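The values are calculated or read from the model by the stated rules, or taken from the named source; none is laboratory data. Everything numeric here is computed off the predicted structure, so don't read it as measured data. So basically every Cβ, Gly included, is an ideal-geometry build from the backbone, and we count neighbours across all protein chains shown. Areas reflect the complete protein model, heavy atoms only, side chains present, ligands, DNA and RNA absent. Shrake-Rupley method; radii C 1.70, N 1.55, O 1.52, S 1.80 Å.
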Amino acid sequence: MPQMDSANRPGYYVTTPIYYVNDVPHLGTAYTTIAADVFARFQRLRGRQVHFLTGLDEHGQKIAEAAEAAGLEPKAFVDRMAAPFREAWAALDATPDDFIRTTEDRHQRVVQGLWSRIATTGDIYKGMYEDWYCTGCEAYYTEKDLIGGKCPVHERPATKMRTESYFFRLSAYQERLLQFYAAHPDFVLPASRMNEVVRFVESGLRDLSISRANFRWGIPVPGDDDHVMYVWFDALANYVSALGGEDAADYRTFWPADVHLVGKDILRFHAVYWPAFLIAAGLPAPRHVFAHGWLTINGQKMSKSLRNVVEPRRLAGCYGVDAVRYYLMRDVNFGLDGDFSHAALVGRINADLANDLGNLLNRTIALVEKLAGGVVPPAGEPGERERALREAAERTAKLAAEELDAFRPHRALEAIWALCGEGNRFVDAAAPWALAKAGKTAELHAVLYAALEALRWIALMTLPVMPGKARVALSRIGDVEPPAWPAAWGGLRSGVKVVRGDPLFPRIDADREKELALMLGIDAGAPETAVGQPRAEARGSDSGTAAGVAGPAEPSVAPAQEPNRTLLGGTAAESLRGQGAAATQRVEGLVPYDHFAKLELRIARVLAAEKVPKADKLIRLSIDAGDGEPRTIVAGIAARYQPEQLVGKRIVVLANLEPRKLRGIESRGMLLAATHDGKPCVLTVEDEIPPGTRVS
Ligand code: MSP
């Protein structure tokens with residue numbers, strides 16, 4: 001099959017999966033997006049014309065069901081859910097060149113064209129389909145794939161489906177796929193995944209059902225309005241539709257894609273179905289599909305039901321976006337599963353960022369200020385030591401580029417940090433303070449220049465991963481050139497002023513760590529507790545202490561008294577933040593901070609609202625509280641509000657209140673309101689605060 005070698009063309013095309021819009025951005029999807037951004041920024045630094053694509057998968061049964069649960073039409077629902085993705089990626093400093101949504105006309109037009117083109121080969125036919133379907137995966141399973149009748153991925157019952165369907169004759173592509181893999185052994189990366197794909201295809205391929213007639217939320221099949229396309233046929237085509245289709249200029253510049261970055265869970269779709277569709281349509285396949293591993297949180301799978309899904313913006317808000325990007329790219333071997341932990345993130349910030357890099361920058365600038373008048377000194381005659389540092393920098397730039405080209409950011413960063421180490425050792429060994437004392441000015445200048453130049457190389461190489469801080473570092477050492485991947489030693493111009501500034505990455509000491517832990521909802525005394533995971537003891541929450549009580553039944557909920565609670569006039573030897581330090585005598589009527597911290601107050605956005613039939617005061621609300629799926633709460637606020645006045649408002653909810661049934665509706669949480677003139681007045685906040693943000 002045709003597959004062009006795109007290595008030497010100016011265009012570089014990198015994609016993320018398009019994310020299902022019923023979810024909210026979480027650390028897993030942020031991980032793929034940040035990785036794609038790192039590769040895009042790296043290639044831009046090398047002067048390539050980059051197209052970085054991300055977007056949203058907005059069709060299919062799963063989305064239709066989520067919209068229904070939220071009480072919205074599918075289009076209104078996807079429009080509402082799309083904004084947080086754009087916002088999250090911007091907050092994480094991701095720089096996509098395009099953001100495609102599968103409900104856009106430009107996409108639908110190209111997908112229908114692709115379908116028609118494949119149909120002319122005779123490899124799309126109509127038949128009957130019967131198998132087990134999991135809407136979570138939007139995929140069919142055979143009986144033997146199920147575990148106890150349940151989907152092996154989502155662990156919930158699969159549904160038996162018998163339906164008329166169009167099929168793609170995938171079975172006819174087995175040989176052609178195997179030939180293609182043999183000719184392009186690095187099509188799937190890492191190599192171990194290529195072997196899995198080959199084994200899967202060798203074991204035989206069944207024809208693929210590619211249409212649905214049992215629901216309408218999809219792209220109509222050309223010439224048959226009773227069918228919509230299978231969501232994966234629709235979704236995979238985004239990589240071509242975003243370029244404008246085969247006749248567009250962008251298609252000629254960027255197709256075939258250099259790499260589709262995907263999680264290992266969706267490799268089969270990208271490495272088997274997608275190239276088969278492309279072969280059928282006579283189009284080249286992408287150069288690489290890279291399957292990265294899965295992130296767990298402190299060893300636990302991220303899942304909405306465990307409520308340990310980390311809100312990436314919140315994380316970046318606490319630790320800084322560059323630190324989070326660095327941690328994710330450095331700590332996890334890209335391609336393998338990895339674990340996110342608060343303690344490991346803090347460890348990386350302190351050791352790698354504050355110590356190794358921050359220190360090298362700080363001490364070098366301090367030395368230049370003290371010993372060279374605060375300006376970049378002349379490079380002078382480099383001695384043995386300077387030459388060795390230069391060679392180390394050149395080796396590192398070559399190696400780091402190779403690693404980034406091969407999608408191994410962790411290894412690139414490892415190499416760059418080894419150079420930081422060399423830089424620090426260089427300064428120690430050269431002892432510029434001694435050279436100054438001995439009046440060896442030319443030697444002193446050569447040493448300081450080399451240290452600054454090495455820093456310039458390090459900062460340029462870290463730009464793809466830490467764009468913000470790397471730019472700050474460059475400006476502090478007087479580098480004003482447009483950034484490019486470092487190639488020629490000696491780019492710094494002497495005479496330019498250096499600037500000391502605050503530490504690039506302040507160390508996170510124990511107190512700050514506890515403060516951040518509280519902000520993130522982690523148990524401060526146990527930093528290994530999953531971020532965002534509710535603590536076991538938080539269940540008996542102090543509902544009676546909330547500022548205003550909205551849920552009508554809430555006033556009747558007795559404040560749950562913890563068995564060992566000595567809140568009023570007690571003698572518990574706890575400090576204000578429950579750190580177990582010196583004994584603090586409790587004052588009657590005051591609560592210790594850790595009791596307040598147990599209340600999970602969050603910002604939520606009202607997605608839909610309606611009156612509860614036969615209940616004067618009750619309104620049922622569907623809210624986005626940052627859980628990744630809408631939740632229902634019932635509130636006694638109808639005396640002041642009409643349901644439609646509430647839609648779109650950002651409110652404050654107590655998210656970890658025990659669920660209660662009100663008029664047969666389970667209310668999962670309580671909104672805050674102040675009672676004024678006998679009527680509840682709901683607390684609202686500014687529009688831009690994202691749902692799920694913790695109120696503390
Ligand atoms: N819509 C499909 C993809 C269609 S692409 C043509 C889909 N969407 S998804 O929202 O479920 O996102 C899947 C991707 O999110 C994964 O493949 C992976 O890139 C990322 N991740 C989701 N959870 C993850 C982790 N816990 N860890 C790492 N990445 C994960 O599938």
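Its residues counted as N, segment 591-696 yields a C-alpha radius of gyration over 2.2 N^0.38 Å of 1.03. Sorting 654-660, 684-690 by their mean Cβ neighbour count within 10 Å, with the most densely packed peptide first, gives 654-660, 684-690. Taking every Cα-Cα distance in the chain and sorting them into 20 Å bins from zero, the calculated P(r) comes out as 16, 42, 32, 10, 0 percent.
Only beta bridges with both residues in segment 250-339 are counted; by DSSP, about 20 percent of them are antiparallel. Based on protein heavy atoms only, the chain ends up with 41 Å² per residue of surface accessible to a 1.4 Å probe. Excluding same-chain neighbours fewer than eight residues apart, the aspartates and glutamates reachable from Lys497 by a Cα-Cα span under 18 Å are Glu369, Glu453, Asp479, Glu481. Tell me the carbon and sulfur percent of the accessible area for segment 441-494, rounded to whole percent, probe radius 1.4 Å. In segment 441-494, the share of accessible area belonging to carbon and sulfur is 57 percent. Based on Cα contacts under 8 Å between residues 6+ apart, segment 127-256 shows a relative contact order of 18 percent.
Only beta bridges with both residues in the chain are counted; by DSSP, about 70 percent of them are antiparallel.
Here segment 6-292 exposes an accessible surface that is 49 percent carbon and sulfur, computed with a 1.4 Å probe and the other protein chains kept in place.
About its Cα centre, segment 105-197 has a charge dipole of approximately 220 debye under the convention of +1 per Lys or Arg Cβ and -1 per Asp or Glu Cβ, with nothing else charged.
When the pairs Lys301/Lys469; Lys75/Lys649; Lys617/Lys661 are compared against a 22 Å limit on Cα-Cα distance, Lys301/Lys469 fall above it.
In the chain, taking the dipole from charged Cβ atoms about the Cα centre, the farthest positive-side position among Thr15, Thr441, Cys420 is held by Thr441. Over the residues of the chain, the helix contribution to mean residue ellipticity at 222 nm works out to -11000 deg cm²/dmol, using -39500 (n - 2.57) for each DSSP H run of at least 4. Rounded to the nearest 20 debye, the dipole magnitude of the chain is 780 debye, with +1 charges on Lys and Arg beta carbons, -1 on Asp and Glu beta carbons, and the Cα centre as origin.
For segment 6-292, DSSP calls about 50 percent of its internal beta bridges antiparallel. Evaluated with a Cβ-only charge set (Lys, Arg +1; Asp, Glu -1), segment 335-487 carries a dipole of roughly 420 debye about its Cα centre, given to the nearest 20. For the chain, build the charge dipole from Cβ charges (+1 Lys, Arg; -1 Asp, Glu) around the Cα centre, then report which of Gly380, Ala406, Met461 sits farthest towards its positive end. The one lying farthest along the dipole's positive direction is Gly380.
A DSSP coil position with no more than 16 other Cβ atoms inside 10 Å describes the following trypsin sites (Lys or Arg not before Pro) in segment 481-520: Arg493, Arg500, Arg507.
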